[in-house]
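Trainee: Below: one structure in structure tokens.
The values are calculated or read from the model by the stated rules, or taken from the named source; none is laboratory data. Bear in mind that the values here come from a model prediction, so they are computed numbers and not experimental data. With ideal geometry, Cβ positions are generated from the backbone for all residues, glycine too; neighbour counts draw on all protein chains shown.
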Amino acid sequence: MQRKINWFGIAGGAGTIALIVVSLFVPWWIFKVGSGLTAGTGLIEANISPLNANFTGIGTDSFTVPLIWALNLTTLLTLTFGGIIMLIYSFMPMKPYSKRLLDFSYKKPLYAVAFFVTSLVIITFLTKGLLGFNIPIVGSANVQLPQAMTSGVSISVLVSADLLWPFWLSLAVAGLCIVARLYHRRIAPSQKPVSAQPTQLSK
Amino acid sequence: MQTLGAILTLITIATALGPMAAVVIQYNNNLSELVVPNEVSEMLNNTIGTGQFEMPVFVSSQYDNATHTVRLTFNFTNTFAYNLTLKSISGDAQCTLHNQTLGFLSLNGTVEIPAGETTQIPVLCALTENAENHFRTDHPGAASVDVKVLDLTLNVNDVTVQLSESVDLPNVPVV
């Protein structure tokens, strides 16, 4: 009998591991305020992903916020376990416990993407609500600081933001994991639990 | 199956709560640092630097008869603990006495201003035709006039600062 393998699961699991490695070095979203001394850098910069968030500011080395670091670590561990368990499941999708492994792992990348997108939307709403100016999620804009903050002097700052390729990779990985869940139905149709009592045939 | 379920549930709980619990325990003496780390205050100190923001100080000016341009020189002291790049300057020059527009200010190239140092900033003021008529009719024989600059706008590291008050430049030569 040919051994069944969930190829989408393998792609999703390997993709998840690759996404983790990539996200430690390349952010999903970059936000720059003003411009730094070298081309392409900002006066203040935020490099954000659900797995690694760091900030650089005027005259400071790169730093992170402990609360965000904890959230990043949570996502890192969740995705790592999700990816490994997805790979284990994919090589043995017919085992009785495989469905449980799949159900545990396939949603993790989707959760990471949802968490990230929700955080971005909350950040933009909070900035608008608390500080009174709009920041772009993608693109650049001249942000006019409220006069109350600038002692009557008019100050506007060029800000720019961009979603980088690991974000699109995360969408692809989340998609592959969902496809793996759907493909599981095809290769391992749900087995009805066997009844303890013998079924009586009707006459 | 039940053991597997328990292990997966344990993993979920541990990964969700473990890191958060770890940082709360680590920062339990100073919970505010959980959200605002020391680096933020360091950054604010670096931004504010050793003192207050100092406005550029007018040093001298020269008139170029061939190009009808006044070259103004300012000294700017960077009180920030960070190197700055002055990218542009703009503003309208007016005769202080008669409010007549004389010309428009621009920066002659970008200027790097190292942290804590004073750098000379060359600013050009291209005079309008009306300015020359104004000098002939309202300031006949004068070697210099008092000028004020309105809407002075500086672009420093893509942060644009526009002053609401005018800046006075005394005794700008016109011949």
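Trainee: Give the number of residues within the stretch B:48-97 that are assigned to a loop (DSSP other than H, G, I, E, B), charged (D, E, K, R) and at pLDDT 80 or above.
Mentor: Total meeting the criteria: 0.
Trainee: Say we look at the stretch A:39-91 and pick out the residues that are under 13 Å from the mean Cα position of the chain (by Cα), within 7 Å of chain B (Cβ to nearest Cβ) and of a type in the set (Ser, Thr, Tyr); which of these is surrounded by the most Cβ atoms within 10 Å (Cβ to Cβ)?
Mentor: Filtering the stretch A:39-91 for residues that are under 13 Å from the mean Cα position of the chain (by Cα), within 7 Å of chain B (Cβ to nearest Cβ) and of a type in the set (Ser, Thr, Tyr), the one surrounded by the most Cβ atoms within 10 Å (Cβ to Cβ) comes out as A:Thr78.
Trainee: May I ask you to list the residues in the stretch A:98-109 that are surrounded by fewer than 21 Cβ atoms within 10 Å (Cβ to Cβ) and within 13 Å of A:Gly83 (Cβ to Cβ)?
Mentor: A:Lys107
Trainee: Looking at A:Leu73, A:Leu126, can you tell me which residue is out of contact with any Cys (no Cβ under 8 Å at 6 or more places or on another chain), under 25 Å from B:Ala6 (Cβ atoms) and not in a strand (DSSP E or B)?
Mentor: Of the residues listed, the single one that is out of contact with any Cys (no Cβ under 8 Å at 6 or more places or on another chain), under 25 Å from B:Ala6 (Cβ atoms) and not in a strand (DSSP E or B) is A:Leu73.
Trainee: Do we find that A:Lys95 is surrounded by fewer than 20 Cβ atoms within 10 Å (Cβ to Cβ), out of contact with any Leu (no Cβ under 6 Å at 6 or more places or on another chain), in a helix (DSSP H, G or I) and of a type in the set (Lys, Arg) in this structure?
Mentor: Here the answer is no, as A:Lys95 does not meet what is asked.
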